[in-house]
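Heads up: the structure comes next, in structure tokens.
The values are calculated or read from the model by the stated rules, or taken from the named source; none is laboratory data. The model shown is predicted, which means the values in this text are computed figures rather than measured ones. Here Cβ is always computed from backbone atoms with ideal geometry, including for glycine, and neighbour counts include all displayed protein chains.
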Amino acid sequence: MVKDMIELGDVATYINGYAFKPKDRGKVGLPIIRIQDLTGNAYDLGFYDGEYPEKIEINDGDVLISWSASLGVYVWNRGRALLNQHIFKVVFDKVDIDKNYFVYAVSQKLVEMGMKTHGATMKHIVKKDFDAMMIPYPSLNEQADIAINLNKVSNVIEARKQELQLLDELIKARFVELFGDPVLNPYGYEKVSLSELAEVKIGPFGSLLHKEDYIQGGHPLINPSHIVNGEIVFDDKLTISDEKYDELSTYQLKIGDVVMGRRGEMGRCAVVSGEGYLCGTGSMLIRTKGEVTADYIQKIISFPSFKKMIEDMAVGQTMPNLNIPIVSSFQIIKSPMEVQNSYYSFVERIRKSKFVERFLELSLFYGLSSPLNSEMICIFPYF
């Protein structure tokens, strides 16, 4: 008897990648695939030429699922490689299922999974919730038909995604066009100390956190290694309990904060978009006072020339470090509000277009009426 619905845990085995350390990343061997390598947000592919568990090797045709920070389903097609942590490799060893259908079905379920996360908006899937998620399970023939129809839709959506990637580049270009190099300041904007625009805090001292405080599946600590290409990619093994999180309330990160690494790679920072994070010992918290946005501060601090300036300001011989006085003294261009508003308006239009693209994908997948689809398609040309 064919089941109408099936739990993901009954469909396949999901193998998590290996927690490669920064020192493991070299220039020879097999590429190490992280979430940002799947999403297209990475420009620093690392390689590994040592021994590794065979189960973390991936090859063309393997289905991969990112389950932390950025949720998504991908079909790998870039040759033999090694899987980093926070990504599942799917092994179809339990039931007969069309792989393409599986990819489409799970892609839509990730929207629901996003609601089963730690904190209000933090993107992090708990394994038991993942295994318990249900997807429709029609006959193989029906699965194949659905996959063929959705592939046609996917081709349209993929074209839109490529357009949106170009729009991401336009955001960067628009920033430079309106504000120029934040160090050279070609437009002669007023410069003020960061302390005038934001509150600056340092993460908790090591004495406030002990080995026994760390649990799995709690509130993640955000250290420099968890800030990757302007996004937070946390480690679910480096988390603390609700009790410890409340005890360290001073260091809790809020939506709209900027979290920045204070040692190692200078200028590494991200805007906090979810709740439940704690600023780590190696990080700093920057909370805007309202005259500029967190995105504005993040863009300036992560700008190449600004990062170079920070490197020159850092103290320490073996490992450069930043402290509150140094960061508070950062000179930030304070452009006129109408210029800032022009930039924010541009960014908002692009974000809306991305939302529309996702809504169109969901609408088509769930078979909403053609009038709605036509209406959504008509929106796209304006972005």
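Tell me which residues, restricted to segment 35-52, are in contact with a Ser or Thr (Cβ under 9 Å, 6 or more places away or on another chain) and assigned to a loop (DSSP other than H, G, I, E, B). Quick ask: steps written out before the conclusion?
Narrowing segment 35-52 to residues in contact with a Ser or Thr (Cβ under 9 Å, 6 or more places away or on another chain): 35-36, 38-39, 41.
The answer is 41, and nothing else.
Scan (1) under 26 Å from residue 223 (Cβ atoms); (2) in contact with a helix residue (DSSP H, G or I) (Cβ under 7 Å, 6 or more places away or on another chain); (3) free of Cβ contacts under 8 Å to residues at least 60 places away in the same chain; (4) surrounded by fewer than 20 Cβ atoms within 10 Å (Cβ to Cβ) for the single condition residue 65 breaks and write down its number.
Condition not satisfied by residue 65: (4).
Would you call residue 95 in the same structural domain as residue 219 (by TED's automatic domain parsing), over 23 Å from the mean Cα position of the chain (by Cα) and modelled with pLDDT of 80 or more?
On the way: in the same structural domain as residue 219 (by TED's automatic domain parsing): no; over 23 Å from the mean Cα position of the chain (by Cα): yes; modelled with pLDDT of 80 or more: yes.
Here the answer is no, as residue 95 does not meet what is asked.
Among the residues of segment 245-269, count how many are among the hydrophobic types (A, V, I, L, M, F, W, C), buried (at least 23 other Cβ atoms within 10 Å of the Cβ) and under 17 Å from the mean Cα position of the chain (by Cα).
Looking only at that region, the number is 5.
Failed condition for residue 291, given (1) charged (D, E, K, R); (2) over 25 Å from the mean Cα position of the chain (by Cα); (3) assigned to a helix (DSSP H, G or I), with all others met?
Only one criterion is unmet by residue 291, namely (3).
Across segment 11-49, what is the total count of residues that are over 20 Å from residue 78 (Cα atoms) and either at pLDDT below 95 or touching a Pro at 6+ places or on another chain (Cβ under 9 Å) (or both)?
5
Quick grid of which residues meet (1) in contact with a helix residue (DSSP H, G or I) (Cβ under 7 Å, 6 or more places away or on another chain); (2) basic (Lys, Arg); (3) in the same structural domain as residue 235 (by TED's automatic domain parsing):
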residue	(1), (2), (3)
18	yes, no, no
34	no, yes, no
47	no, no, no
78	no, yes, no
90	no, no, no
